[in-house]
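The values are calculated or read from the model by the stated rules, or taken from the named source; none is laboratory data. The model shown is predicted, which means the values in this text are computed figures rather than measured ones. When we count neighbours, we look across all protein chains shown, and the Cβ atoms used for this are built from the backbone with ideal geometry, even at glycine.
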Amino acid sequence: MDTRPIIVGVDGSVDSERALYWAVEAARLRSAPLQVVHIQPYAASSRAAAEEEGTGDPVLDALRADAAVQSLPEVEFRGLSGLTEALLTALGEEGQLLVLGSRGRGGFASLLLGSNGLACAARAACPVVVVPHPDRGGARRGTDGAGGADGEEAGGLAGGGPAAERAGPQMTLGVEVPAEEPGAIGFAFAEASRRGAWLKVVSGYTWPMLMPASFEFAAAYETTQQEYEDALGTQLVDALAPHRARHPGVDVEVQLRNADAVGQLAEASRASELLVVARHARRLPVGRRLGSVAHAVLLHALCPVAVVPDVARADGGHPPPIV
């Protein structure tokens, strides 16, 4: 069992309070310790030393009496001083999961995602969960039902009955084929197993193929859309197979469509408890940046989003540091 803590960043805002409650439940499900962290950019050295021990910080002091926090057997409170973005990202080396609100105290009303959440999702060594504001997009999650009907599924992928007949909560996993995403897939299956949830796997593709007419892609132009979709479906079957075998109790439904992946995932988030995507960080000279799908999902999903590093272990556990 992973004994590293679930780490949650708080700052006294409503969004960080929602992140705290999500982290409390995650710690309970994983039987893991919870670490509640408040970072202040400008604190006197004497005050910072006291707050490192978890005392004298009004934000942390207020949370000590919270009933949900008190229900856990092991909770640590830490007050830190320094650059919030850098310290939160570094904390990813210490925890098995880092949980944040989508925006903090400094965020203005229309801000969809704060800079700290974006930076941690792009660079933290562990999976990062960002909990959105409840009325993001002008509608609360779940008010519109299941978020639309599914399109055609890849042959042999779906299990169980229609979504309306499935028992338990829904989780959603975004998968890009043919890319290999064992970290995100493993994390999603493990989390669905813990939560007694069924897992909706969403994958989008583009047809007609918009690729340079080079030799290596020539075969793509000689196939039909159905043949191409069947090939993607086979790759998806292979990618999911070891995780389905490891978690046979997780009911899985796969949605493979000729449609934008972000739009499908945002729609699925309306009925989901958690949406999981791979980081797919783009390494640029100025630093790591999130892949386009992960970035867009963080901005538009109506449920909490877990961004999992590419190097995360396939069992859903803590990944090695990114170097």
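Worth pointing out:
- Only one entry in 23, 19, 48, 27 is modelled with pLDDT under 90, surrounded by 14 or more Cβ atoms within 10 Å (Cβ to Cβ) and either in the same structural domain as residue 127 (by TED's automatic domain parsing) or assigned to a strand (DSSP E or B) (or both), namely 48.
- Selection status of residue 137, surrounded by fewer than 14 Cβ atoms within 10 Å (Cβ to Cβ) and at pLDDT below 85: no
- Screening residue 150 on (1) crowded, with 19+ Cβ neighbours inside 10 Å; (2) out of contact with any helix residue (DSSP H, G or I) (no Cβ under 6 Å at 6 or more places or on another chain); (3) part of a loop (DSSP other than H, G, I, E, B); (4) at pLDDT 75 or above shows it passes everything except condition (4).
- Residues that are outside any loop (DSSP other than H, G, I, E, B) and surrounded by fewer than 24 Cβ atoms within 10 Å (Cβ to Cβ), drawn from the range 89-103: 89, 90, 91
- Scanning the range 274-302 for residues that are under 22 Å from residue 18 (Cβ atoms) and either of a type in the set (Val, Ile, Thr) or modelled with pLDDT of 95 or more (or both) yields 274, 275, 276, 277, 297.
For (1) closer than 17 Å to residue 308 by Cβ; (2) in contact with a Phe, Trp or Tyr (Cβ under 7 Å, 6 or more places away or on another chain); (3) part of a loop (DSSP other than H, G, I, E, B); (4) among the small types (Gly, Ala, Ser), each residue gets a yes or a no:
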| position | (1), (2), (3), (4) |
| --- | --- |
| 233 | no, no, no, yes |
| 239 | yes, no, no, yes |
| 244 | no, no, no, no |
| 248 | no, no, yes, no |
| 256 | no, no, no, no |
| 263 | no, no, no, yes |
| 269 | yes, no, no, yes |
| 276 | yes, yes, no, no |
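- For the range 51-71, the candidate set comprises residues that are surrounded by fewer than 17 Cβ atoms within 10 Å (Cβ to Cβ) and either assigned to a loop (DSSP other than H, G, I, E, B) or at positive phi (or both); within that set, the residue that is modelled with the lowest pLDDT is 53.
- Filter pass, residue 318 being touching an Asp or Glu at 6+ places or on another chain (Cβ under 7 Å) and modelled with pLDDT under 60: yes
- Lone qualifier among 121, 43 - being among the small types (Gly, Ala, Ser) and modelled with pLDDT of 80 or more: 121
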